[in-house]
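These notes are about the structure you will find just below.
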Amino acid sequence: MRKQGEAMQALFAPFMPTTEATPPDPADLQHWAMSAAKLQKMWLDFGAEQAGRIEPLMARLGDPARWTTWMGEWFEQLPLARPDAQKKLWDDSVALWTQIMASYAGAGTPASGESAPDLPRRDRRFADPKWREQPVFALIHQTYLLLAERLGAMADDLAGIPAERREQVRFAIKVITEALSPANFPLTNPLVIERTLETRGENLVRGVEHLLADLRKGQLTHTRLDAFDLGHNIASTPGKVVHETPLFQLIQYSPTTETVDAVPLLIFPPWINRFYILDLNPGNSFIRWAVAQGLTVFIVSWRSANAEMAELTWDDYALAQIEAIDLVRARLDVPAVHTIGYCVAGTTLAATLALLARRGEAAKVASATFFTAQVDFEKAGDLKHFIDDAQLRMLENLASEGFLDGRYMAATFNMLRSSDLVWNYVVNNYLLGDDYPAFDLLYWNGDTTNLPFRWLRAYLVELYRDNRLVVPDSLSIDGTPIDLHRIATPCYIQAGRADHIAPAESVWKLTRHLSGPWKFLLAGSGHIAGVVNPPQSGKYQYWLNPDDPQTLDEFIAGAVETKGSWWPDWVEWIRAFGDAQVPADGRRVPGGPGDTAIEDAPGRYVKQK
């Protein structure tokens with residue numbers, strides 16, 4: 001214990017307020033030693049526990065030397081080795097340091113209540129005043145921002161390589177520079193140093209506990225997992241599971257109005273996530289809101305893949321959409337349904353509509369709404385950086401028993417916004433030792449689903465990489481060729497202006513492949529908040545253009561902005577196709593007299609891992 005205490009004292013001696021006249025308190029040293037001993041024991045226990053488990057995982061991920069080679073190749077393409085580039089970087093660095101030191105010259109460390117000097121570069125990761133109060137931390141983070149800025153600029157200026165390769169290099173630099181931020185390391189982050197001194201290392205003990213728990217479960221934690229209970233305080237809109245297949249459960253929600261629209265609404269959520277993104281809590285639930293508007297709402301709850309589903313293909317999901325459409329029509333004895341497809345389910349809905357049109361069954365769908373859905377993947381965003389032959393081989397190695405563990409996809413999506421969804425939590429929960437917040441959206445984000453690898457590989461290759469869905473009759477479903485130009489169903493197309501998963505420019509392209517009427521709406525925010533934006537929140541805005549723009553730029557140039565949620569505009573749009581009302585009775589009330597339901601919503605499938 002004494003040796004541990006001496007080691008910790010030596011480590012933090014430059015920061016500890018001690019002098020020869022005021023030697024360190026033995027009780028403090030003992031507290032430090034206890035923290036160090038806890039850290040050591042946790043790591044030793046974890047190492048013994050995980051012995052023999054890491055090597056197989058690394059083998060499935062691929063040869064680490066290959067990753068090193070790839071990164072070396074990417075950086076070799078940057079002009080960093082050129083003497084002129086090095087000289088400019090050195091000159092700019094010296095100028096930056098001179099400017100920063102001059103701003104502190106003669107002033108010393110700002111006293112309490114005094115403002116720190118203004119610095120040339122700003123970034124919200126370094127917004128806390130402690131990053132500016134002392135010259136050393138100002139120099140550290142300002143130098144980092146300069147280097148990150150220049151490396152990004154070098155990627156932009158690369159010449160003589162294909163555009164997609166340049167984008168890969170740019171993305172790789174972004175990921176690496178975000179990982180190397182001084183905020184992510186305890187000895188270069190003044191907030192972590194201060195917290196460590198205040199708690200005598202207990203924050204690091206709590207942080208390592210969080211880290212080891214995440215390593216054991218193989219997934220980064222974003223929120224308190226015990227704060228939510230499906231069906232009670234999340235995914236709690238009342239309803240019943242009225243049908244079940246090996247692939248999906250069909251949920252019907254209980255009406256809250258005396259009459260309802262004659263045409264029901266059927267929602268297809270993406271099977272790469274849980275459906276309750278549209279039913280997080282009563283305050284922001286799209287499903288609960290739609291029910292309150294007098295719609296009879298159904299939603300498909302997809303089953304998380306297991307070994308029994310290894311042979312599933314895209315055909316199976318498209319045919320499941322048709323099956324669900326027919327089930328709702330038969331259950332309520334109606335000729336058609338309104339549909340919504342979110343993300344990948346929206347992509348599939350477009351193919352489903354083309355399939356129905358080719359077979360002469362388009363009348364089964366009264367309207368189709370697309371939430372952040374792509375069909376033309378030419379400019380599909382950062383996800384395209386994960387699709388080349390080597391990465392597909394790595395995914396295949398990770399897909400045990402024919403399905404890909406959803407935690408890998410979650411890590412991929414987190415990496416697209418690593419500063420917000422990875423390193424922010426590393427700092428707060430691993431380094432500062434903060435407790436996790438109770439946040440329903442983050443709970444949903446971590447509730448992963450497994451994917452059939454056969455479907456995933458075809459989706460990545462045929463759609464993302466080869467962009468075949470927009471080539472008439474290039475793809476077939478159930479033996480029927482697909483041509484999106486056959487879609488005459490009225491379509492409402494929603495995109496998020498800041499969407500990093502389905503960029504607005506990519507979503508817009510759906511308008512170029514339809515033969516029927518369409519309405520395009522650009523919502524504020526991104527892939528989730530751009531969709532889940534209830535009217536009562538008073539947040540964000542949306543844009544509409546009443547003219548006939550031919551490009552997204554033209555749409556934006558002539559668009560009219562409206563503050564708040566776009567949901568009321570959408571419900572007004574679908575009612576333009578018929579607003580006849582019927583009593584909310586009989587099979588409009590799931591589980592009512594004479595109607596046998598399988599179980600209460602949200603059902604079993606959403607709870608299966």
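The values are calculated or read from the model by the stated rules, or taken from the named source; none is laboratory data. Because the structure is predicted, anything quoted here is derived from the model rather than measured. Cβ atoms come from the backbone with ideal geometry, glycine included; neighbour counts cover every protein chain shown. For accessibility, only protein heavy atoms count, side chains too; no ligands or nucleic acids. Shrake-Rupley method; radii C 1.70, N 1.55, O 1.52, S 1.80 Å.
The calculated FRET efficiency for the pair residue 84 and residue 292, based on their C-beta separation and a Förster distance of 45 Å, comes to about 0.10.
For the range 399-518, averaging the sequence separation of C-alpha pairs within contact (under 8 Å, six or more residues apart) and dividing by the residue count gives a relative contact order of 20 percent. Packing here is the average count of other Cβ atoms within 10 Å per residue, and on that basis the peptides 309-317, 221-229, highest first, run 309-317, 221-229. All C-alpha pair distances within the range 478-567, sorted into 5 Å bins from zero, spread as 3, 14, 23, 22, 18, 11, 5, 3, 1, 0 percent across the bins.
You can think of it this way: the chain between residue 500 and residue 551 has 16.4 nm of extra reach, that is 0.36 nm per residue less the Cα-Cα gap. Under the shape rule built on the C-alpha gyration tensor, where the axes satisfy a ≥ b ≥ c, the range 89-200 is oblate, since a/c reaches at least 1.5 while a/b does not exceed b/c. In this simple spin-label approximation, residue 461 and residue 179 carry label points 7 Å from Cα along the Cα→Cβ vector, and these lie 2.8 nm apart. For the chain, with all protein chains in place and a probe radius of 1.4 Å, 55% of the accessible heavy-atom surface sits on carbon or sulfur. For the range 303-378, the list of trypsin sites (Lys or Arg not before Pro) that fall in a loop by DSSP and count at most 13 other C-beta atoms within 10 angstrom reads 359. For the pair residue 576 and residue 537, the difference between a 0.36 nm per residue extended length and the Cα-Cα distance amounts to 11.5 nm. Cβ-Cβ distance of residue 225 and residue 604, R₀ of 22 Å, FRET efficiency by 1/(1 + (r/R0)^6): the value works out to about 0.70.
When you count the other C-beta atoms within 10 angstrom of each residue and take the mean per peptide, 270-283, 189-202 line up highest first as 270-283, 189-202.
Find the centroid of the Cα atoms in the range 447-489 and in the range 519-566, then give the distance between the two in whole Å. Measuring centre to centre over Cα atoms gives 27 Å. Over all pairs of different C-alpha atoms in the range 149-279, the reciprocal of the mean inverse distance, the Kirkwood hydrodynamic radius, equals 20.9 Å. Helix 389-398 and the longest principal axis of the C-alpha atoms of the chain enclose an angle of approximately 90°.
For a straight C-alpha distance cut-off of 29 angstrom, the lysines reachable from residue 38 (same-chain residues fewer than eight places away being disregarded) are 3, 130, 217. Between residue 271 and 345, the built amide H atoms are under 5 Å apart, and every one of these is 5 or more places off in sequence or on another chain. For the peptides 395-404, 577-586, the ranking by mean Cβ contacts within 10 Å, running from highest to lowest, is 395-404, 577-586. Protein heavy-atom accessible surface, 1.4 Å probe, per residue over the chain: 45 Å². Spacing of the modelled spin labels on residue 30 and residue 163, each 7 Å from Cα toward Cβ, amounts to 6.9 nm. The alpha carbons of the range 144-199 occupy a box of 53, 17, 9 Å along the principal axes, longest dimension given first.
Across the range 588-605, coupling constants 3J(HN,Hα) worked out from phi with the 6.51/-1.76/1.60 Karplus curve, θ = phi - 60°, read 6, 10, x, x, x, x, x, 10, 8, 9, 6, 5, 6, 5, x, x, 7, 4 Hz, and Gly and Pro carry x. Compared with the alpha-carbon gap, the fully stretched path from residue 188 to residue 333 is longer by 45.6 nm at 0.36 nm per residue. Past the 19 angstrom mark, what percentage of all C-alpha to C-alpha distances in the range 229-309 do you count? Considering the range 229-309, 36 percent of its Cα-Cα pairs are separated by more than 19 Å.
The value obtained for the range 356-440, namely the Cα convex hull volume divided by the number of residues, is 217 Å³ per residue. Any idea how far the Cα center of the range 492-511 sits from the one of the range 178-234, in Å? The two parts, judged by their Cα centres, are 34 Å apart.
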